[in-house]
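Here the structure is laid out as structure tokens; the discussion comes afterwards.
Just so it is clear, none of the values below were taken in a lab; they were calculated from the coordinates. Values in this document were obtained by computation on a predicted structure and should not be read as measured data. When we count neighbours, we look across all protein chains shown, and the Cβ atoms used for this are built from the backbone with ideal geometry, even at glycine.
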Amino acid sequence: MFAVIKAGGKQYRVAAEDVIRIDRVKSEPGEIVEFGEVLLLGGDSPQIGLPTIAGATVAGEVLQHTRGDKVIAFKKRRRKNSRRKRGSRHEFSVIRITEILTGGAKPSKTAPPQPKREPKPKAEGAPEGEAAAKPAKSGAKTKPKKPAAKKPAKTATKSKKK
């Protein structure tokens, strides 16, 4: 089953467990968000809304808030010594669709658990919290640094008066 929802003035085709990037929503990561404007439900018996389907909602979990690439607006008026450079980054929310609900059903309060990544294994023998120091090469000879050579002082010359 899939649905077409409207969020932030744009339409998205979603199914369960899809991850979408929409305009930023005012929810913290881990919270459940509901999208009430369902325009179409697809599957075995498709339903088309006029303009929306009554009682249908789509629930999703906010994963994170991100920002898009920087867009630079550069304006220049030639021969006028006039330039203006402005940049902006659009803010997005990454959302995982959890459920497509019909008949006025409410979403479950908790999101389904996701498999967690295991942390990288630590280097053997290294103390915790400190980076392992590189061992010194055995038999490596160290040369003493030579002092900097002194430059000869400039001699002052007398100017002749006429």
Considering only the other residues whose Cβ falls under 15 Å of the Cβ of Arg89, what net charge follows from Lys and Arg at +1 and Asp and Glu at -1? +3
Any residue on another chain or 5+ positions along whose placed amide H is under 5 Å from the amide H of Val25 is listed here as Ser93
Listed here are the pairs Lys70/Lys109; Lys10/Lys85; Lys10/Lys106; Lys26/Lys106; Lys6/Lys75; Lys26/Lys85; which of them are more than 25 Å apart at the Cα? Lys70/Lys109; Lys10/Lys85; Lys6/Lys75; Lys26/Lys85
Starting from 0.36 nm per residue, how many nanometres of slack lie between Gln11 and Asp69 once their C-alpha separation is accounted for? 18.7 nm
Once you keep just the Cα pairs under 8 angstrom separated by 6 or more residues, what percentage relative contact order results for the stretch 1-108? 32 percent
Taking θ as phi - 60°, what are the ³J(HN,Hα) couplings along the stretch 62-75 by the Karplus curve (6.51, -1.76, 1.60), each to the nearest whole Hz, with x for Gly and Pro? 6, 8, 6, 10, 10, 10, x, 5, 6, 10, 9, 9, 10, 10
Within a Cβ distance under 14 Å of Asp69, other residues only, what is the Lys/Arg minus Asp/Glu net charge? +3
Scan around Phe2 for amide H atoms under 5 Å from its own, H built in the peptide plane at 1.01 Å from N, and keep only partners 5 or more places away or cross-chain. Gly42, Gly43
Distance-filtered residues of the stretch 56-75 - backbone nitrogen under 18 Å, label point 7 angstrom along Ser88 Cα→Cβ: 66-75
